[in-house]
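Derivation of every value follows stated rules applied to the coordinates shown; laboratory data play no part. Fair warning: this is a prediction, and the values are worked out from it, not measured in the lab. Counting neighbours? That spans all protein chains shown, and the Cβs are built from the backbone with ideal geometry, glycine included.
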Amino acid sequence: MRPKGVAGAFPNAISFYSVLVSGGVVLCCGGPGTSDPERWLRSNVSLKSLLVNAFEVQGRMIEAPAWTETERYEVIAKVPAGASKGDIAPMVRAMLTERFHMVWHRAQHTMPVYEMRRVAGAPALTPSESASDSFSFNDSGSTREMVAKGISPAGLAGYLSGQMDRPVVDKTGLSGVFDIQVQYPKAEADAESRGYALRAAARDQLGLEFRSRMSAVDVIVIDSIDLVPTPD
């Protein structure tokens with residue numbers, strides 16, 4: 001029997017054609033949806049950042065050795081023709097399993113979260129006709145604008161988790177994808193201050209509220225992973 005999280009755990013996953021892993025410095029770019037769709041580059045990147053790419057969760061939702069946040073790598077991968085953005089995560093997981101001998105499992109930990117819910121009587125969110133999702137933050141003076149297109153409530157909760165001081169869990173009961181736009185005062189001091197401004201704006205402009213709760217959430221536990229990858 002294979003341990004959880006090693007090769008074979010994702011039987012339908014596609015793989016990079018080839019991967020160069022080293023310690024150099026180049027630009028971070030490429031991949032499906034860019035002008036260089038068949039090359040995926042990440043430079044001076046921590047292994048923790050690659051784990052975030054691999055599992056598509058916030059870094060706080062990954063339990064890994066401390067050195068994964070400090071050691072740096074360069075990854076240059078050849079992407080199969082026709083691959084989509086959604087294919088990148090399983091390809092990065094496969095690369096970490098093969099080259100870094102990653103072993104992992106999922107667990108549930110109880111921690112403080114924000115439950116994202118609809119405010120009673122609030123206007124409906126705007127359904128999206130976008131064929132793919134996008135998410136951006138734009139600054140203008142003292143104001144920050146958050147724009148999301150073609151995003152699901154669960155996807156929105158995931159993005160907002162990175163802007164707040166604790167994970168956001170979708171409890172809206174909504175399905176489908178939406179276009180969302182919200183403006184709020186910039187607060188760069190810390191995640192708690194940024195989150196407060198964003199939560200207040202989301203309630204007023206989107207009809208979304210965030211209730212503080214203790215809840216069991218899924219986390220990724222890295223049981224073992226090598227510091228030095230296998231040779232190219």
State, as an integer percentage, the relative contact order of the stretch 158-232 based on alpha-carbon contacts under 8 Å between residues 6 or more apart. 22 percent
Please give the direction-averaged projected area of the C-alpha convex hull for the stretch 44-145, in square nanometres with one decimal. 11.3 nm²
Hey, if you put +1 on the Cβ of every Lys and Arg and -1 on every Asp and Glu Cβ in the stretch 123-206, which of F137, G176, Y196 ends up farthest toward the positive end of that dipole? Y196
Suppose the chain between R213 and A154 were pulled fully straight at 0.36 nm per residue; how much longer would it get relative to their current alpha carbon spacing? 19.5 nm
